[in-house]
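Any read-out appearing in this document is the output of simple, stated calculations on the displayed coordinates, not a laboratory observation. Predicted model only: the values in this text are computed from it and were never measured. A quick note on method: Cβ atoms are made from the backbone with ideal geometry, for glycine too, and the neighbour counts reach across all protein chains shown.
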Amino acid sequence: MLSAKRRTPESQVPLELTVSREEEHVVKCQRLRYKVYCVERGWYNEVNINKGREYDEYDERAGHALLTRGDNGDSIGVVRLILPSGDVKNPALPIQEMKPSPFELLGDDVDMTRIAEVSRFSVTQDYNRRTTDAAHKDEKGSPISGGLSALSIHLMHGVVVMARENNIRYLCATMEPALLMLLARIGVRFDPLGEPREYHGLRQPCYCDLEVVEEDMKRLRPEKHPLIFG
């Protein structure tokens, strides 16, 4: 079990991030995923549903981060990190379901036992509409971003916490191009693995080396580095 909590000091809407693999926590994450992917996006025929939860076989092999409002406890954002199988040749991650596998474009220097997949990175639309112009601040009282960018910073911090606790160095994902651009704006850059593909909508297979991302952020985005890697 992993757990970590983090608040945004002095923000208009206090936010709290919890990272855990405990069953009760995972159920909360699955319920928010149901709201985002089924109720808001209409993916009823593309995902597994059970009693108001969206789930799949990868949940048991994943860390789960949940972002909640500190004032009322409402769940507003979620992300999971699917861990590799342990096979040195086959990490058995969802990205490999694409044919041909995007991993064919990875360099030989990537340790396949230390690569994990960022998945179900999402924020509920209800919160999006209310906070597009919200001013979230860092420990010094300086604005870090508004709306989705602030929430993405928190969720990426959750990804980093999970990666560190599981000795993960490389991240892969199949992301919407808009999310990739958003992450790039806050200093987290993923490299493409081939062209975008149709996979639950248009998705870009991609990966990054967390050690490289951290060094780049220290140099290029020093104001945001501690928010994600601190």
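Scan the chain and report its longest stretch carrying no chymotrypsin sites (Phe, Trp or Tyr not before Pro) that are both in a DSSP loop and have at most 16 other Cβ atoms within 10 Å. That would be 45-198.
Label-to-label distance for K89 and V212 is 2.6 nm, based on points extended 7 Å past Cα in the beta-carbon direction. Evaluating 6.51 cos²θ - 1.76 cosθ + 1.60 at θ = phi - 60° for every residue in the range 154-169, the Karplus couplings come out as 5, 5, 5, 4, x, 4, 5, 4, 5, 5, 4, 5, 10, 6, 9, 10 Hz, glycine and proline recorded as x. 3J(HN,Hα) along the range 202-210, derived from phi through the Karplus expression 6.51 cos²θ - 1.76 cosθ + 1.60 where θ = phi - 60°, amounts to 6, 10, 9, x, 7, 7, 8, 9, 4 Hz, with x in place of Gly and Pro.
Taking amide H positions as modeled 1.01 Å from N, with prolines and chain starts lacking one, the residues under 5 Å from E54 and 5 or more places away or on another chain are R31, R33, Y34.
The trypsin sites (Lys or Arg not before Pro) of the range 30-96 that DSSP puts in a loop, and whose beta carbon has at most 10 other beta carbons within 10 Å, are K51, K89.
Applying 1/(1 + (r/R0)^6) with R0 = 30 Å to the Cβ-Cβ distance of E198 and D111, what FRET efficiency is obtained, to the nearest 0.05? In this case the efficiency is close to 0.50.
Among the GluC sites (Glu not before Pro) within the range 154-230, those in coil by DSSP and having at most 14 neighbouring Cβ atoms inside 10 Å are E223. Label-to-label distance for D74 and V47 is 1.9 nm, based on points extended 7 Å past Cα in the beta-carbon direction. Each residue of the range 176-184 was assigned a 3J(HN,Hα) from its phi angle through the Karplus curve 6.51 cos²θ - 1.76 cosθ + 1.60 (θ = phi - 60°); the sequence is 5, x, 5, 5, 4, 5, 5, 5, 4 Hz, with glycine and proline shown as x.
Distant-in-sequence amide contacts of M175, defined by a placed amide H-H separation under 5 Å and a gap of 5 or more residues or a different chain, comprise Q204, C206.
Put simply, the amide H of L15, placed in the peptide plane, has neighbours under 5 Å in T8, G70, leaving out anything fewer than 5 places away on its chain.
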